[in-house]
Amino acid sequence: MKILVTGGLGFIGSHTVVELQNEGFEVVIIDDCSNADVKVLEGIQAITGKLPLFEKIDLRDKPMVAAFFARHQDVEGVIHFAASKAVGESVEKPLLYYENNIGSLVYILQELSKKEKARFIFSSSCTVYGQADEMPITEDAPVKAAESPYGNTKQMGEEIIADTCKVTPGLHAIALRYFNPMGAHPSTEIGELPIGVPQNLVPFITQTGMGVREQLAVFGNDYPTPDGTCIRDYIHVVDLARAHVVALQRLLNAKNEQNYEVFNVGTGKGSSVLEVIQSFERVSGEKLNYKIVDRRAGDIVSAYANTKKANEVLGWKAQSTLDEAMKSAWDWEKKVRNN
Ligand code: WQD
């Protein structure tokens, strides 16, 4: 069975391609390579022994999207990762984010709506909750006003899919709300490759550990948390990838009564910034050079998932601990820097 993975050269996308191939799915990747290197294909093949089909397409090009689906009429499901995802950049360039993230989504849904049966998995984010009122966060927590155009494209994306599913009985869709992905495949053949200065905590930590960055700035330790630093739910990217496979299998078996569902994908455990630093120091045996600085605008205090729905309905549960995830991130960083 052929599955389209858009953004399949990216961090989460590439790890999901590996898990799909391991399950026996035939994968075709679409990626515009704006934020990923085509060499990732070699990494995927090194792990699974199978080179995925790949087409470099800009999903903002509606005729190109239609032509792809005309060439690949045997695509039975789509996992849609392709999107611009830098929160800060989205504030400066909102129209780039709406054109890319919403436009590509609409064009793909238009093609899937032509099919008698189609399955669709959407890469959403816990960012839709903003600062939730209660921890852990359940799927029925209110979606709050987005803090950025990036976050808004995830909220709008979910609404677009829900509205489309209401009038398209053959389309079965799931939105996965990711918490904080981290780590890398244990083979160190694929991993996170942030371009430029990492925005996210874990790659900044591992680059600091390798001396690529001088020092980690901890954005505030005056939050109302046990150690004063923000709390997040850090999930191993392979656990996250596997959640996509079980979600796809649910859609393929059409076990879901309603044809649109939402699931949180996290570990269910919150970790503070200082606890993540301590995890790095445990797995690397090195002290991390960091300093406490002012808060970062837009940061929420705490976000970690109630994973009951995914555990019970999808039969999925994150397997890796924070230290295991951090070790994979550190092994990957050392591999990248020593090559
Ligand atoms: C985590 C914590 C920072 C960097 C972002 C996106 C979100 C999602 C996941 C796509 C925070 C602190 C960070 C640093 C620090 N992406 N930090 N120093 O902000 O929770 O979520 O990535 O869907 O949409 O917003 O992740 O890794 O940036 O920050 O102290 O150099 O680490 O303040 O408390 P975040 P993050």
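Tabulated results
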item	result
Within region 220-234, tally of residues that are open to solvent by 30 Å² or more (accessible area, probe 1.4 Å) and free of Cβ contacts under 8 Å to residues at least 60 places away in the same chain	2
Residues being within 8 Å of the ligand (Cβ to nearest atom) and without any contact (Cβ under 8 Å) to a residue 24 or more places away in the chain - total across region 192-219	3
Per-region count, region 148-202, residues among the polar types (S, T, N, Q) and within 18 Å of the chain's Cα centre (by Cα)	7
Residue match in region 107-117 (condition: within 16 Å of the ligand (Cβ to nearest atom) and more than 20 Å from residue 296 (Cβ to Cβ))	no
Residue that is open to solvent by less than 10 Å² (accessible area, probe 1.4 Å), touching a residue at least 60 places away in the same chain (Cβ under 8 Å), more than 16 Å from the ligand (Cβ to nearest atom) and of a type outside the set (Asp, Glu), where the choices are 65, 75	75
Answer from 239, 299 - the residue that is outside any loop (DSSP other than H, G, I, E, B) and within 16 Å of the ligand (Cβ to nearest atom)	239
Residue that is surrounded by the fewest Cβ atoms within 10 Å (Cβ to Cβ) [pool: residues in region 126-185 that are of a type in the set (Ser, Thr, Tyr) and either closer than 20 Å to residue 78 by Cβ or within 13 Å of the ligand (Cβ to nearest atom) (or both)]	148
Contacts under 8 angstrom Cβ, first residue in region 293-309 being open to solvent by less than 40 Å² (accessible area, probe 1.4 Å), partner assigned to a helix (DSSP H, G or I) and within 13 Å of the ligand (Cβ to nearest atom), 6 or more apart	303/126; 303/129; 305/126
Region 310-328 - residue that is part of a loop (DSSP other than H, G, I, E, B) and open to solvent by less than 70 Å² (accessible area, probe 1.4 Å) and, of those, farthest from residue 235 (Cα to Cα)	315
Long-range neighbours under 7 Å by Cβ, at least six apart or interchain, first residue touching a residue at least 60 places away in the same chain (Cβ under 8 Å) within region 107-135, second of a type in the set (Lys, Arg) and assigned to a loop (DSSP other than H, G, I, E, B)	129/144; 130/144
Residue in region 220-230 that is within 13 Å of the ligand (Cβ to nearest atom), outside any loop (DSSP other than H, G, I, E, B) and modelled with pLDDT of 95 or more present	no
Any chance residue 273 is out of contact with any Gly (no Cβ under 7 Å at 6 or more places or on another chain), of a type in the set (Val, Ile, Thr), more than 30 Å from residue 171 (Cα to Cα) and open to solvent by 30 Å² or more (accessible area, probe 1.4 Å)	no
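Residue-wise test of (1) in a helix (DSSP H, G or I); (2) basic (Lys, Arg).
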position	(1), (2)
134	no, no
140	no, no
151	yes, no
154	yes, yes
160	yes, no
169	no, no
173	no, no
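The values are calculated or read from the model by the stated rules, or taken from the named source; none is laboratory data. All values derive from a computational prediction rather than experimental measurement. Note: ideal-geometry Cβ built from the backbone for every residue, glycine included; neighbour counts use all protein chains shown. When the accessible area is computed, the model is the full protein with side chains, heavy atoms only, and any ligands, DNA or RNA have been set aside. Shrake-Rupley method; radii C 1.70, N 1.55, O 1.52, S 1.80 Å.
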